[in-house]
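Bear in mind these aren't lab numbers, they're just calculated from the coordinates by the rules spelled out. Note that this is a predicted model, so its numbers are computed, not measured. Cβ: placed from backbone, ideal geometry, glycine included. Neighbour counts: every protein chain shown.
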2 protein chains.
Amino acid sequence: MSGRDSAAPYSGSRCLVTGGLGFIGANLVHRLAGAGADVTVVDAEVASHGANVHNIEGVARPVDVIRASVGDTDAVGDAVAAADYVFNCAGQVSHLDSMRDPLGDLELNARSHLALLELLRATNPGAPVVFTSTRQIYGRPKYFPVDEDHPVQPVDVNGVDKFAGEQYHVLYAHVHGMHACSLRLTNTYGPRMRLRDDRQGFVASFVRRALTGDVITLYGDGSMERDMVHVDDVVEALLLAASTPASSGEVVNLGHPVSLTLAEVAHAIVDAAGSGTVEYVPWPPERAAIDIGNYKGDFTKARKLLGWEPAVDFAAGITATVGFYREHRSWYL
Amino acid sequence: MSGRDSAAPYSGSRCLVTGGLGFIGANLVHRLAGAGADVTVVDAEVASHGANVHNIEGVARPVDVIRASVGDTDAVGDAVAAADYVFNCAGQVSHLDSMRDPLGDLELNARSHLALLELLRATNPGAPVVFTSTRQIYGRPKYFPVDEDHPVQPVDVNGVDKFAGEQYHVLYAHVHGMHACSLRLTNTYGPRMRLRDDRQGFVASFVRRALTGDVITLYGDGSMERDMVHVDDVVEALLLAASTPASSGEVVNLGHPVSLTLAEVAHAIVDAAGSGTVEYVPWPPERAAIDIGNYKGDFTKARKLLGWEPAVDFAAGITATVGFYREHRSWYL
């Protein structure tokens, strides 16, 4: 947890949140609006992605929503030019979809962001922009914990495209002097995930299966370790990054001091839900081909540069998360 | 130099060379045709790129030329499906142009190659495909000599896009079982470079200025070191890579045991041409922003995996190169 009030700089500011109807974007929108920011959302509402209009229900102030891709420069031009801060959270997150429709993934995770950066450079180069990248770009880790110097070795098209999207931001900082940076998120969970299918990570899948009294399927023995970060902590990092000039041109890992196995995560969710079961099956080949094994990230740089620490521990975070979905079940299932 | 006859596997085979009217592609076309291959060229002939119809004059056998982008799946579909080998040399090579037209660079260096790979996967997944990548993706080296494990830290949009294009090839090998690999080229020189402007690397610029009796301008003190590889050695590596199954899924540096400063290169060219002069000026800011400093590559992996060694030393190679341009001056100036 940072010592400063991370939301204070945003009171009265105009914030643009791309992917703002999706999981992480919408949680950020709630936080920004609560802090008194004027928020504009850009969201393409791509079918099967995380956008859900219910995700911004109950937001503290009215939010403008532009239904367009971030790469649609005509649609987003005015909002980009007027923004004091840009939180660039839009993207295609499914690893399997990136292999089934690689050109679509390239469009949504790389080309559209390059178009956005070009627009920002031309019309509003002083506005900080923070990109949500992913630890997926590290591929199968060569060492633990994985720091930002770890080799980039994507195991799927999504990883290639997210790295390109991220590196454009880094470049625009270094070459054009813009305040652009990238946070490399690890497994994020919390309210407002897409639950309807298995595209938005395993926690969403597990929560849906638990709430519907279904079976949670683990591959192998479920012993793969992950860092689980609550979305409130990710939102905190986004706020800190956009208001920290020293983050410009940097890539910064998020993480959590406690690693959990997928089996531990599954059982915690079943316990919180009071329903669902866990089963173990052999690895399907198409999953095994793009799996990265264990992951443990080093977030020392986030601590030093941003003053960021994750504040939510998993037991409390997952219980509250399951409670949220139980309360708003009709929005997500 | 490899012990085996590297061109032998290609006699009677159907070879597709993308960017085959350009510098490296055309030199490969000459070699393949001379070895008895049936060669089809795909080249978009983008204005300001390296395509030059004179580049395939004097080729040993007739060559089919498809004038299209490699990403134009309708235009290249039949040729891709019929190929025994694919040499994927097409691309936008200007670092400055990639900053002026980043979306164009993304199209030519990443999206079109992903489309080509998708086509190959659907219609001809058994054909080996070799991609020409670049050491530019390493950015400013953190250590010397730079091996393939060096962090990827592109300093311009070209580097981001070339890395994406390369990594798609690596992925399609690992995930889809295709024989795809990537050679990371360093400074390449020889016949058939575009000389008309300064887009195709400093050697082309130096040769033009020397031949026209003009001034070769070096930034700073001209002491930046580079590995200079003759295009015949690059062609040799391409032939070896496509016929070496163990290269599949690999990225492989090319290099040269002797490093030269830009000043040494410039003076060698002036000496070979018998005309031109060398001057030193301060670094222009837009150049300094994307310069990488010294570069010295480690090509141990190419030696071990492909049995490749550069055979051409710079003094002989540059003298022959200048002679080629003097003989064919009207094609290039």
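The table below gives the values:
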quantity	calculated
B:Gln153, sole failed condition from (1) within 14 Å of chain A (Cβ to nearest Cβ); (2) in contact with an Asp or Glu (Cβ under 6 Å, 6 or more places away or on another chain)	(2)
Members of the range A:234-259 found to be of a type in the set (Asp, Glu) and surrounded by fewer than 24 Cβ atoms within 10 Å (Cβ to Cβ), listed by number	A:Glu250
Selected residue [within 17 Å of B:Val86 (Cα to Cα) and among the acidic types (Asp, Glu)] from B:Glu148, B:Glu107, B:Glu118	B:Glu118
Residue satisfying condition, being under 28 Å from B:Leu117 (Cα atoms), assigned to a loop (DSSP other than H, G, I, E, B) and within 14 Å of another protein chain (Cβ to nearest Cβ), within set A:Gly104, A:Gly71	A:Gly71
Failed criterion for B:Gly307 (all others in (1) at negative phi; (2) under 20 Å from the mean Cα position of the chain (by Cα) hold)	(1)
Subset of the range B:160-172 [crowded, with 24+ Cβ neighbours inside 10 Å and more than 8 Å from chain A (Cβ to nearest Cβ)]	B:Lys162, B:Gly165, B:Glu166, B:His169, B:Tyr172
Failed item in (1) under 20 Å from B:Val170 (Cα atoms); (2) within 14 Å of another protein chain (Cβ to nearest Cβ), with B:Pro285 passing the rest	(1)
Options A:Leu238, A:Leu260; residue that is within 22 Å of the chain's Cα centre (by Cα) and either among the charged types (D, E, K, R) or under 22 Å from A:Asp84 (Cα atoms) (or both)	A:Leu238
Given (1) farther than 28 Å from B:Thr300 by Cβ; (2) within 13 Å of another protein chain (Cβ to nearest Cβ), number of the condition B:Leu218 does not satisfy	(2)
Considering residues of the range A:76-101 that are part of a helix (DSSP H, G or I) and within 12 Å of chain B (Cβ to nearest Cβ) only, the residue nearest to A:Met193 (Cα to Cα)	A:His95
Test: residue in the range A:25-43 that is touching an Asp or Glu at 6+ places or on another chain (Cβ under 6 Å) and of a type in the set (Lys, Arg)	no
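Matching residues to (1) assigned to a helix (DSSP H, G or I); (2) closer than 19 Å to A:Ala90 by Cβ; (3) out of contact with any strand residue (DSSP E or B) (no Cβ under 8 Å at 6 or more places or on another chain); (4) not hydroxyl-bearing (Ser, Thr, Tyr):
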site	(1), (2), (3), (4)
A:Val160	yes, yes, yes, yes
A:Glu166	yes, yes, no, yes
A:Val175	yes, no, yes, yes
A:Phe202	yes, no, yes, yes
A:Arg208	yes, no, yes, yes
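Conditions tested, residue by residue: (1) surrounded by fewer than 24 Cβ atoms within 10 Å (Cβ to Cβ); (2) at the interface with chain A (Cβ under 9 Å from one of its Cβ atoms); (3) touching a strand residue (DSSP E or B) at 6+ places or on another chain (Cβ under 6 Å); (4) among the polar types (S, T, N, Q).
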site: B:Leu116; (1), (2), (3), (4): no, no, no, no
site: B:Ala122; (1), (2), (3), (4): yes, no, no, no
site: B:Val130; (1), (2), (3), (4): no, no, yes, no
site: B:Tyr138; (1), (2), (3), (4): no, no, yes, no
site: B:Pro141; (1), (2), (3), (4): yes, no, no, no
site: B:Pro145; (1), (2), (3), (4): yes, no, yes, no
site: B:Asp149; (1), (2), (3), (4): yes, yes, no, no
site: B:Val157; (1), (2), (3), (4): no, yes, no, no
